[in-house]
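No value in this document is a laboratory result; all are computed from the given coordinates. Everything numeric in this text was worked out from a predicted model, so none of it was measured. With ideal geometry, Cβ positions are generated from the backbone for all residues, glycine too; neighbour counts draw on all protein chains shown.
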Amino acid sequence: MGQREEAIQLIRSSQSITFLTGAGVSVASGIPDYRSMGGVYEGLEEPEYLLSHSCLVEEPQKFYGFVKQLYHPSAEPNVIHQKMAELASHQRIKIVTQNIDQLHDKAGSQVINFHGSLYDCYCMKCGRSVAVTDYLKSDCHSECGGRIRPNVVLYEESLNSDIIESAIQAVAKAEVLVIVGTSFKVYPFSDLLRFKRGSQVIVVNNEALSLSGDYLMITEDATHFFEEL
């Protein structure tokens, strides 16, 4: 049996799976990833600065102009999101995602949004929630004049400790961990793997990853893999 067939069998037979997902999962929905050719960061000298707390505070219009490009409100879940949601109907499924596009939520999954969501916006001055449609028109809150931002974790900002703990528990309790569509380089998301307790690890990604320990590496487009599950 090849690694691909073994991975499919493991996912089908396991009663407890945690998926760790990244931007590659949403590419088939028309949302570009960050680091690959044609990705969001291509051609930018300081892409991470544009998604930093410093940029938000010091150059808010530059931040706003860049972040607006990340919105794809008409995007729909693809076969990867749909299959994960389908598996949850008869298996214990946890999804921890780096993605901020809410497509896992849109597919009907219960999700740990590790880095927050673009579609959850609030005013930094008064703290009130603001509709994303209003934010896409202006980053100035019409009620108090404060600056609106999406509730996502920017570079230089700390993650919510409850979110981190939920993600750790999802990893620790899984029989099988499936890493999908991520370079697995962004800390602390990339550190979650050290909390696994004997679970088997499967990686489905366009490019091979180099991880510690044993794992099944499926180097292919994740949509093709999930179509066969």
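Of Val67, Val57, all but one fail to be among the β-branched types (Val, Ile, Thr) and within 19 Å of the chain's Cα centre (by Cα); the exception is Val67. Within region 95-122, the set of residues being part of a loop (DSSP other than H, G, I, E, B), closer than 20 Å to Leu56 by Cβ and out of contact with any His (no Cβ under 9 Å at 6 or more places or on another chain) comprises Phe114, His115. Restricting Leu70, Leu56 to residues that are more than 20 Å from Ile17 (Cα to Cα) and surrounded by 19 or more Cβ atoms within 10 Å (Cβ to Cβ) narrows the list to Leu56.
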